[in-house]
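The values are calculated or read from the model by the stated rules, or taken from the named source; none is laboratory data. Nothing here was measured: the structure is a model prediction, and the numbers come from that model. We place every Cβ from the backbone using ideal geometry, glycine too, and count neighbours over all the protein chains shown. Ligands, DNA and RNA are stripped out before the accessible areas are found, and what is left, the full protein with its side chains, is counted by its heavy atoms. Shrake-Rupley method; radii C 1.70, N 1.55, O 1.52, S 1.80 Å.
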Amino acid sequence: MPTTARRFESIGYVVHEGVAEITLDRPKVLNAFTRPMARELQQAIRDAADDPAVRAVLLTGAGRAFCAGQDLAEAAPQDAPAPPIEDIVRETYNPTVLAIRAIEKPVIAAVNGVAAGAGANLALACDIILAAERATFIQAFAKIGLIPDTGGTWTLPRLIGIHRAAALMMLGDRLTATDAQAMGIVWRVYPDAQLLESARELARHLAKEPTRAFGLTKRALNASANNTLEAQLELEAQLQAEAGATHDFTEGVQAFLQKRAPAFQGR
Ligand code: LHQ
(Lines give C-alpha, C1' and ligand atoms only; values in the text may rest on other atoms or scores of the structure.)
Protein backbone atom coordinates (compact mmCIF):
# COMPACT_ATOMS: atom_id res chain seq x y z
CA MET A 1 0.00 0.00 0.00
CA PRO A 2 1.51 3.41 -0.97
CA THR A 3 2.73 5.80 1.70
CA THR A 4 2.01 9.51 1.34
CA ALA A 5 3.63 12.23 3.40
CA ARG A 6 3.03 15.94 3.71
CA ARG A 7 5.80 18.40 4.54
CA PHE A 8 5.40 20.48 7.66
CA GLU A 9 8.04 22.31 9.74
CA SER A 10 7.23 21.19 13.27
CA ILE A 11 5.26 18.00 12.80
CA GLY A 12 5.54 14.84 10.74
CA TYR A 13 2.54 13.63 8.73
CA VAL A 14 2.57 10.26 7.00
CA VAL A 15 -0.36 8.21 5.72
CA HIS A 16 0.17 4.46 5.48
CA GLU A 17 -2.25 1.53 5.50
CA GLY A 18 -5.24 3.71 6.39
CA VAL A 19 -3.48 5.44 9.30
CA ALA A 20 -2.39 9.10 9.42
CA GLU A 21 0.59 9.21 11.78
CA ILE A 22 1.20 12.67 13.17
CA THR A 23 4.45 13.25 15.06
CA LEU A 24 5.01 16.36 17.18
CA ASP A 25 8.56 17.11 16.08
CA ARG A 26 10.47 19.70 18.12
CA PRO A 27 12.46 17.22 20.20
CA LYS A 28 15.08 19.74 21.45
CA VAL A 29 12.33 21.41 23.51
CA LEU A 30 10.41 18.18 24.21
CA ASN A 31 7.94 19.00 21.40
CA ALA A 32 6.69 22.14 23.16
CA PHE A 33 3.94 23.96 21.29
CA THR A 34 4.43 27.14 19.31
CA ARG A 35 1.61 28.80 17.39
CA PRO A 36 3.00 27.62 14.01
CA MET A 37 3.18 24.04 15.32
CA ALA A 38 -0.42 24.23 16.51
CA ARG A 39 -1.54 25.59 13.12
CA GLU A 40 0.23 22.70 11.44
CA LEU A 41 -1.37 20.17 13.77
CA GLN A 42 -4.82 21.66 13.11
CA GLN A 43 -4.13 21.48 9.34
CA ALA A 44 -2.95 17.87 9.64
CA ILE A 45 -6.13 16.88 11.48
CA ARG A 46 -8.19 18.61 8.76
CA ASP A 47 -6.20 16.72 6.10
CA ALA A 48 -6.82 13.45 7.93
CA ALA A 49 -10.54 14.25 8.21
CA ASP A 50 -10.83 15.06 4.50
CA ASP A 51 -8.75 12.15 3.18
CA PRO A 52 -10.91 9.07 2.53
CA ALA A 53 -7.76 6.92 2.60
CA VAL A 54 -7.34 7.82 6.29
CA ARG A 55 -9.49 5.76 8.66
CA ALA A 56 -7.55 6.23 11.92
CA VAL A 57 -5.13 8.81 13.31
CA LEU A 58 -2.09 8.19 15.49
CA LEU A 59 -0.54 11.09 17.44
CA THR A 60 2.90 10.75 19.02
CA GLY A 61 6.04 12.73 19.82
CA ALA A 62 9.58 12.64 18.42
CA GLY A 63 12.44 11.83 20.76
CA ARG A 64 12.08 11.19 24.48
CA ALA A 65 8.93 13.26 25.13
CA PHE A 66 5.33 13.36 23.97
CA CYS A 67 4.88 17.11 24.51
CA ALA A 68 6.00 19.60 27.19
CA GLY A 69 3.01 21.90 26.61
CA GLN A 70 3.30 25.52 25.65
CA ASP A 71 6.74 26.66 24.49
CA LEU A 72 7.45 29.01 27.36
CA ALA A 73 10.04 30.93 25.36
CA GLU A 74 7.29 31.86 22.89
CA ALA A 75 4.74 32.65 25.63
CA ALA A 76 7.15 34.78 27.65
CA PRO A 77 9.87 36.10 25.30
CA GLN A 78 12.80 37.71 27.16
CA ASP A 79 13.30 40.50 24.61
CA ALA A 80 9.76 41.41 23.57
CA PRO A 81 6.36 42.00 25.14
CA ALA A 82 4.50 38.76 25.90
CA PRO A 83 1.58 38.05 23.58
CA PRO A 84 -1.85 38.03 25.30
CA ILE A 85 -2.07 34.66 26.98
CA GLU A 86 -5.75 34.21 26.14
CA ASP A 87 -4.95 34.65 22.44
CA ILE A 88 -2.47 31.77 22.68
CA VAL A 89 -5.08 29.61 24.40
CA ARG A 90 -7.76 30.50 21.86
CA GLU A 91 -5.56 30.09 18.78
CA THR A 92 -3.26 27.26 19.80
CA TYR A 93 -5.14 24.89 22.04
CA ASN A 94 -8.89 25.38 21.76
CA PRO A 95 -9.15 24.70 18.00
CA THR A 96 -6.76 21.75 18.33
CA VAL A 97 -8.85 20.06 21.02
CA LEU A 98 -12.06 20.73 19.09
CA ALA A 99 -10.51 19.31 15.90
CA ILE A 100 -9.52 16.09 17.69
CA ARG A 101 -13.01 15.72 19.17
CA ALA A 102 -14.72 16.60 15.87
CA ILE A 103 -12.83 14.31 13.48
CA GLU A 104 -15.09 11.29 13.02
CA LYS A 105 -12.21 8.83 12.95
CA PRO A 106 -10.50 7.23 15.94
CA VAL A 107 -7.56 9.26 17.28
CA ILE A 108 -4.98 7.28 19.24
CA ALA A 109 -2.38 9.01 21.38
CA ALA A 110 0.89 7.10 21.73
CA VAL A 111 2.39 8.88 24.73
CA ASN A 112 6.06 8.04 24.30
CA GLY A 113 7.45 10.10 27.19
CA VAL A 114 6.62 13.05 29.38
CA ALA A 115 3.32 14.83 28.64
CA ALA A 116 3.21 18.10 30.57
CA GLY A 117 0.77 21.01 30.73
CA ALA A 118 -1.08 21.42 27.46
CA GLY A 119 0.77 18.31 26.26
CA ALA A 120 -0.90 16.17 28.93
CA ASN A 121 -4.32 17.56 28.16
CA LEU A 122 -3.77 17.17 24.43
CA ALA A 123 -3.38 13.43 25.06
CA LEU A 124 -6.59 13.44 27.12
CA ALA A 125 -8.49 14.87 24.13
CA CYS A 126 -7.71 11.72 22.09
CA ASP A 127 -9.99 8.67 21.94
CA ILE A 128 -7.59 5.96 23.09
CA ILE A 129 -4.43 6.70 25.05
CA LEU A 130 -1.51 4.27 24.93
CA ALA A 131 1.64 4.95 26.92
CA ALA A 132 5.23 3.83 27.18
CA GLU A 133 6.41 2.67 30.60
CA ARG A 134 8.56 5.80 30.88
CA ALA A 135 5.64 8.14 30.05
CA THR A 136 4.48 10.55 32.73
CA PHE A 137 1.58 13.00 32.85
CA ILE A 138 2.05 16.33 34.63
CA GLN A 139 -0.56 19.04 35.18
CA ALA A 140 2.39 21.45 35.14
CA PHE A 141 0.31 24.63 35.03
CA ALA A 142 0.35 25.12 38.82
CA LYS A 143 4.16 25.32 38.79
CA ILE A 144 4.00 28.50 36.70
CA GLY A 145 0.89 30.07 38.20
CA LEU A 146 -1.58 29.15 35.48
CA ILE A 147 -4.78 27.17 35.37
CA PRO A 148 -5.05 23.94 33.36
CA ASP A 149 -6.22 24.59 29.81
CA THR A 150 -6.44 22.54 26.60
CA GLY A 151 -9.69 21.12 27.92
CA GLY A 152 -8.12 19.54 31.01
CA THR A 153 -10.67 21.02 33.43
CA TRP A 154 -13.37 19.38 31.30
CA THR A 155 -11.83 15.99 30.50
CA LEU A 156 -9.91 15.12 33.67
CA PRO A 157 -12.76 15.39 36.23
CA ARG A 158 -14.95 13.33 33.89
CA LEU A 159 -12.23 10.70 33.64
CA ILE A 160 -11.02 10.39 37.22
CA GLY A 161 -13.42 12.44 39.37
CA ILE A 162 -13.24 16.03 40.53
CA HIS A 163 -11.13 15.42 43.66
CA ARG A 164 -8.38 13.44 42.01
CA ALA A 165 -8.37 16.00 39.18
CA ALA A 166 -8.06 18.83 41.71
CA ALA A 167 -5.17 17.11 43.50
CA LEU A 168 -3.26 16.48 40.27
CA MET A 169 -3.89 20.05 39.13
CA MET A 170 -2.95 21.74 42.41
CA LEU A 171 0.02 19.54 43.31
CA GLY A 172 1.41 19.20 39.79
CA ASP A 173 2.64 15.69 40.66
CA ARG A 174 4.07 13.44 37.97
CA LEU A 175 1.56 10.67 37.28
CA THR A 176 3.28 7.52 36.04
CA ALA A 177 1.92 5.57 33.07
CA THR A 178 0.87 2.67 35.30
CA ASP A 179 -0.90 5.00 37.76
CA ALA A 180 -2.61 6.71 34.82
CA GLN A 181 -3.70 3.28 33.61
CA ALA A 182 -5.05 2.37 37.07
CA MET A 183 -7.09 5.60 37.00
CA GLY A 184 -8.60 4.75 33.62
CA ILE A 185 -6.78 7.45 31.67
CA VAL A 186 -4.46 5.10 29.76
CA TRP A 187 -5.76 2.04 27.92
CA ARG A 188 -2.49 0.03 27.72
CA VAL A 189 1.11 0.52 28.85
CA TYR A 190 3.94 -0.93 26.74
CA PRO A 191 7.70 -1.31 27.21
CA ASP A 192 9.28 1.86 25.79
CA ALA A 193 10.74 0.19 22.71
CA GLN A 194 7.43 -1.48 21.84
CA LEU A 195 5.05 1.47 22.17
CA LEU A 196 5.18 2.86 18.65
CA GLU A 197 4.90 -0.46 16.83
CA SER A 198 2.08 -1.58 19.15
CA ALA A 199 0.26 1.74 18.61
CA ARG A 200 0.67 1.41 14.83
CA GLU A 201 -0.68 -2.13 15.00
CA LEU A 202 -3.73 -0.96 16.97
CA ALA A 203 -4.28 1.96 14.58
CA ARG A 204 -4.00 -0.32 11.52
CA HIS A 205 -6.46 -2.71 13.16
CA LEU A 206 -8.97 0.10 13.80
CA ALA A 207 -8.50 1.40 10.24
CA LYS A 208 -9.82 -1.93 8.91
CA GLU A 209 -12.85 -1.94 11.19
CA PRO A 210 -16.26 -0.25 10.59
CA THR A 211 -14.80 3.24 10.93
CA ARG A 212 -17.97 5.04 9.88
CA ALA A 213 -19.64 3.50 12.95
CA PHE A 214 -16.64 4.61 15.04
CA GLY A 215 -17.18 8.17 13.84
CA LEU A 216 -20.82 7.99 14.87
CA THR A 217 -19.80 6.42 18.20
CA LYS A 218 -17.51 9.38 18.77
CA ARG A 219 -20.35 11.78 17.97
CA ALA A 220 -22.52 10.01 20.56
CA LEU A 221 -19.77 10.02 23.18
CA ASN A 222 -19.12 13.73 22.60
CA ALA A 223 -22.82 14.50 23.04
CA SER A 224 -23.19 12.34 26.15
CA ALA A 225 -21.39 14.93 28.28
CA ASN A 226 -24.30 17.35 28.07
CA ASN A 227 -27.32 15.19 27.27
CA THR A 228 -30.09 13.82 29.46
CA LEU A 229 -30.60 10.06 29.21
CA GLU A 230 -33.74 10.66 27.13
CA ALA A 231 -31.90 12.90 24.68
CA GLN A 232 -28.99 10.46 24.46
CA LEU A 233 -31.32 7.51 23.78
CA GLU A 234 -32.93 9.47 20.95
CA LEU A 235 -29.52 10.42 19.56
CA GLU A 236 -28.52 6.73 19.64
CA ALA A 237 -31.63 5.89 17.60
CA GLN A 238 -30.77 8.56 15.02
CA LEU A 239 -27.12 7.55 14.76
CA GLN A 240 -28.07 3.88 14.62
CA ALA A 241 -30.19 4.72 11.56
CA GLU A 242 -27.04 6.11 9.92
CA ALA A 243 -24.93 3.12 10.97
CA GLY A 244 -27.65 0.72 9.83
CA ALA A 245 -27.58 2.28 6.35
CA THR A 246 -23.85 1.61 5.85
CA HIS A 247 -22.21 -0.99 3.66
CA ASP A 248 -20.36 -2.14 6.79
CA PHE A 249 -23.57 -3.08 8.63
CA THR A 250 -24.75 -5.20 5.70
CA GLU A 251 -21.28 -6.72 5.38
CA GLY A 252 -20.94 -7.38 9.12
CA VAL A 253 -24.25 -9.22 9.31
CA GLN A 254 -23.62 -11.21 6.10
CA ALA A 255 -20.14 -12.18 7.27
CA PHE A 256 -21.54 -13.34 10.62
CA LEU A 257 -24.25 -15.45 8.98
CA GLN A 258 -21.79 -16.89 6.46
CA LYS A 259 -19.24 -17.61 9.21
CA ARG A 260 -16.45 -15.62 7.51
CA ALA A 261 -14.35 -12.57 8.40
CA PRO A 262 -16.01 -9.26 7.43
CA ALA A 263 -14.40 -6.91 4.91
CA PHE A 264 -15.31 -3.48 6.26
CA GLN A 265 -14.84 -0.42 4.10
CA GLY A 266 -15.62 2.44 6.47
CA ARG A 267 -18.74 3.42 4.53
C1 LHQ B 1 11.02 23.64 27.08
C2 LHQ B 1 9.75 23.34 27.58
C3 LHQ B 1 8.69 24.25 27.37
C4 LHQ B 1 10.22 25.60 26.23
C5 LHQ B 1 11.06 21.73 28.11
N6 LHQ B 1 8.97 25.37 26.69
N7 LHQ B 1 11.25 24.76 26.40
C8 LHQ B 1 -1.01 28.17 27.59
C9 LHQ B 1 -1.00 29.54 27.21
C10 LHQ B 1 0.08 30.41 27.37
C11 LHQ B 1 1.11 30.29 28.13
C12 LHQ B 1 1.51 29.21 28.84
O13 LHQ B 1 0.99 27.94 28.75
C14 LHQ B 1 -0.11 27.46 28.27
C15 LHQ B 1 -0.37 26.04 28.48
C16 LHQ B 1 0.76 25.23 29.08
O17 LHQ B 1 1.11 24.25 28.50
S18 LHQ B 1 1.41 25.73 30.55
C19 LHQ B 1 2.63 24.50 30.89
C20 LHQ B 1 3.87 24.68 30.06
N21 LHQ B 1 4.79 23.59 30.27
C22 LHQ B 1 5.53 23.47 31.36
O23 LHQ B 1 5.49 24.26 32.28
C24 LHQ B 1 6.51 22.34 31.38
C25 LHQ B 1 7.92 22.86 31.33
N26 LHQ B 1 8.86 21.75 31.25
C27 LHQ B 1 9.20 21.01 32.32
O28 LHQ B 1 8.74 21.18 33.42
C29 LHQ B 1 10.23 19.95 32.08
O30 LHQ B 1 10.93 20.25 30.91
C31 LHQ B 1 9.61 18.53 31.95
C32 LHQ B 1 9.08 18.10 33.33
C33 LHQ B 1 8.49 18.50 30.92
C34 LHQ B 1 10.70 17.55 31.52
O35 LHQ B 1 11.83 17.68 32.37
P36 LHQ B 1 13.24 17.08 31.93
O37 LHQ B 1 13.04 15.70 31.44
O38 LHQ B 1 14.17 17.28 33.09
O39 LHQ B 1 13.73 17.93 30.67
P40 LHQ B 1 14.31 19.43 30.66
O41 LHQ B 1 13.56 20.30 31.59
O42 LHQ B 1 15.80 19.37 30.81
O43 LHQ B 1 13.95 19.90 29.16
C44 LHQ B 1 14.76 19.59 28.02
C45 LHQ B 1 14.85 20.84 27.16
O46 LHQ B 1 13.52 21.17 26.72
C47 LHQ B 1 15.35 22.04 27.97
O48 LHQ B 1 16.09 22.84 27.10
P49 LHQ B 1 17.72 22.84 27.18
O50 LHQ B 1 18.15 23.88 26.18
O51 LHQ B 1 18.08 23.15 28.59
O52 LHQ B 1 18.13 21.44 26.77
C53 LHQ B 1 14.08 22.76 28.33
O54 LHQ B 1 14.25 24.13 28.54
C55 LHQ B 1 13.23 22.51 27.10
N56 LHQ B 1 11.80 22.60 27.42
N57 LHQ B 1 9.81 22.14 28.23
N58 LHQ B 1 7.45 24.02 27.81
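Table for the structure above
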quantity	calculated
Residues located in segment 18-38, provided they are at negative phi, away from the ligand (no atom under 15 Å from the Cβ) and not in a strand (DSSP E or B)	none
Residue in segment 121-143 that is away from the ligand (no atom under 13 Å from the Cβ), within 23 Å of LEU196 (Cβ to Cβ), of a type in the set (Val, Ile, Thr) and open to solvent by 30 Å² or more (accessible area, probe 1.4 Å) present	yes
Filter result for the condition that a residue is over 17 Å from the mean Cα position of the chain (by Cα), surrounded by 15 or more Cβ atoms within 10 Å (Cβ to Cβ) and not polar (S, T, N, Q), over PRO191, PRO210	PRO210
Any hit, segment 40-51, residues being free of Cβ contacts under 8 Å to residues at least 24 places away in the same chain, open to solvent by 30 Å² or more (accessible area, probe 1.4 Å) and either outside the structural domain of PRO106 (by TED's automatic domain parsing) or not aromatic (Phe, Trp, Tyr) (or both)	yes
Matching entry among ARG64, ARG7 (being modelled with pLDDT under 95, surrounded by fewer than 24 Cβ atoms within 10 Å (Cβ to Cβ) and not polar (S, T, N, Q))	ARG7
Top-ranked residue in segment 213-230 [being assigned to a helix (DSSP H, G or I) and open to solvent by 40 Å² or more (accessible area, probe 1.4 Å); ranked as nearest to LEU98 (Cα to Cα)]	ASN222
Residue pairs meeting the criteria (Cβ under 9 Å; at least 6 apart or on separate chains; first of a type in the set (D, E, K, R), in segment 137-158; second open to solvent by 30 Å² or more (accessible area, probe 1.4 Å) and more than 6 Å from the ligand (Cβ to nearest atom))	ASP149/ASN94; ARG158/ALA225
Any hit, segment 163-184, residues being touching a strand residue (DSSP E or B) at 6+ places or on another chain (Cβ under 7 Å), farther than 13 Å from ALA115 by Cα and open to solvent by 30 Å² or more (accessible area, probe 1.4 Å)	yes
Qualifying position, being within 9 Å of the ligand (Cβ to nearest atom) and either farther than 17 Å from GLY151 by Cβ or small (Gly, Ala, Ser) (or both), among ALA80, ALA99, ALA116, ALA110	ALA116
All positions within segment 75-97 that are touching a strand residue (DSSP E or B) at 6+ places or on another chain (Cβ under 8 Å) and open to solvent by 50 Å² or more (accessible area, probe 1.4 Å)	none
Subset of segment 74-113 [farther than 27 Å from LEU175 by Cβ and β-branched (Val, Ile, Thr)]	none
